[in-house]
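Where a number appears in this text, it was derived from the coordinates with a stated rule and is not lab data. Because the structure is a prediction, the values reported are computed rather than measured. Neighbour counts are summed over all protein chains in view; Cβ atoms, including those assigned to glycine, are modelled from backbone coordinates with ideal geometry.
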Amino acid sequence: MATHAGFIAFRYRDFTAFYIARVFNALAVQMVDVGIGWLVYALTDSAFALGLVGLCIFVPNVLFALLAGQVADMFDRKYVLVVCNLVSTTAALGLLIASLQTQISVPVLFMLIAVFGTSRAFSGPASQAMIPSLVPPEHLGNAVALASSAYQTATIAGPALGGLLYAFGPSVVFGATTFCFGLSLVAYLIMNKRGVKARPEKFSFPYMTAGVRFIFSQPIILGAITLDLFAVLLGGATALLPIYARDIFMVGPWGLGLLRSAPALGAFTTSLLLAHMPLRSKAGLRMFQTVALFGVATIGFGLSTSFWVALPFLLILGASDMISVFIRSTLIQVETPDEMRGRVAAVNTVFIGASNELGQFESGLVASLVGPVMAVVLGGVGTIGVAGLCARLFPKLRDRNALT
């Protein structure tokens with residue numbers, strides 16, 4: 001398989017180990033997200049509480065973003081990921097123990113979610129920054145696409161599996177989550193050490209904030225991050241899926257798993273297409289077009305009254321998001337020097353990764369005020385507006401032709 005051009009990154013042992021670790025880590029993250037979402041909503045019957053779940057992950061990402069970027073550029077990224085997975089495994093074990101109690105404490109659940117958020121804050125920059133060191137430069141696009149497919153593969157299976165396992169109780173979901181985090185930890189451990197270039201002697205604020213200054217000096221990177229930031233922030237329909245599954249479609253936890261898997265299935269299919277048929281022209285324009293399509297699909301899902309009608313819209317949502325993510329990720333890797341990739345990735349994680357959680361909080365808050373349907377539709381309309389506005393504000397990104 002590795003001899004095929006679409007899978008050429010698998011020729012490299014460390015990339016293969018990284019891919020396996022990423023699959024099991026993402027599988028664990030998706031299962032725990034489904035389990036936590038359903039459990040919190042079952043215990044509280046509150047859309048606002050669902051929003052707080054996202055906030056508990058978002059806050060650590062903001063608090064530790066700059067520090068996490070410096071850590072990723074100062075220390076061997078392999079060991080940063082090992083420590084992060086060890087913390088996540090411990091937190092998952094804590095969820096397992098908490099779910100076995102007669103009275104499940106919601107504050108304890110939120111505390112453990114915050115631990116996951118802290119782990120993700122440090123693992124995100126290290127993981128993003130590591131990819132270019134795993135393959136030669138000419139295979140970077142293939143590696144980015146395959147790494148994205150690893151995440152999407154797990155995002156397809158994880159929610160569906162999590163919803164299925166939840167039928168046997170939350171402890172079963174969290175037990176499986178602990179096991180998957182453990183497997184991811186082992187895969188990272190077998191990777192080779194990777195040296196650090198231009199490592200500073202000590203932590204410093206100027207070094208820590210260099211990533212921020214670099215991004216604001218690069219209009220293409222700034223435009224890509226800004227576009228995805230507001231698109232994800234406003235188009236957070238997936239945060240309200242527990243409400244749609246239970247109260248609108250009435251399909252239970254198994255249906256929630258399928259709803260969460262649908263965007264990933266669309267994204268996974270698209271990532272494989274990108275690995276075999278990479279974008280060769282009009283990359284910037286395609287990014288704006290797919291973000292607008294993301295908004296249209298969000299509106300379509302929000303207005304759906306049938307489970308089976310909603311699924312195709314979620315598939316389109318995931319496919320369009322995958323193209324946007326692929327373009328942004330490749331541009332950032334190509335335009336950023338290796339010695340600065342950790343700090344730039346940390347800022348990118350806050351603006352994009354954490355905005356998923358802030359978007360979840362925003363969706364929960366708006367849904368508590370105007371209802372879930374209106375919250376999703378307004379988010380989709382806002383996403384389309386952001387795509388149009390950013391196309392005018394960042395002409396260099398809009399006119400970017402080749403990715404590399």
Work out the length of the dipole vector of region 236-356 about its Cα centre, built from +1 on the beta-carbon of each Lys and Arg and -1 on the beta-carbon of each Asp and Glu, and round it to the nearest 20 debye. 140 debye
Top positive-direction residue, dipole computed over the chain with Cβ charges, set L265, V172, A375: L265
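Mind checking the alpha-carbon convex hull of region 49-168 and giving the volume per residue in Å³?
Considering the Cα atoms of region 49-168, their hull volume per residue is 120 Å³.
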Segment Q103-F216, extension gain: residue separation times 0.36 nm, minus the distance between their alpha carbons: 35.8 nm
Bins of 20 Å from zero: percent of alpha-carbon pairs in the chain: 29, 62, 9
Is it possible to state the helix-based mean residue ellipticity at 222 nm for the chain, with each DSSP H run of 4+ residues giving -39500 (n - 2.57), the sum divided by total residues, to the nearest 500 deg cm²/dmol? What is it? -26000 deg cm²/dmol
With charges only on Cβ, +1 for K and R and -1 for D and E, what is the dipole size of region 72-210 about its Cα centre, in debye, rounded to 20? 260 debye
Taking a ≥ b ≥ c as the square roots of the eigenvalues of the Cα gyration tensor of region 31-106, is the shape rounded (a/c under 1.5), prolate (a/b larger than b/c) or oblate? oblate
With +1 at each Lys and Arg Cβ and -1 at each Asp and Glu Cβ, the charge dipole magnitude of the chain around its Cα centre, to the nearest 20 debye, comes out at 900 debye
Charge dipole of region 1-79 about the Cα centre (unit charges at C-beta), most positive-ward option of A47, L27, P60: L27
Sort 91-103, 128-140 for me by packing, meaning the mean count of neighbouring Cβ atoms within 10 Å per residue, highest on top. 128-140, 91-103
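Could you grab the relative contact order for the chain? Cα pairs under 8 Å, six or more apart, rounded to a whole percent. Before the final figure, lay out the partial values.
Details: 752 pairs, mean separation 116.8, N = 404.
Worked out over the chain, it gives 29 percent.
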Give the peptides 47-55, 168-176, 341-349 in descending order of average Cβ contacts within 10 Å, highest first. 341-349, 47-55, 168-176
Going by how many other Cβ atoms sit within 10 Å of their own, how do W308, W254 line up, fewest first? W308, W254
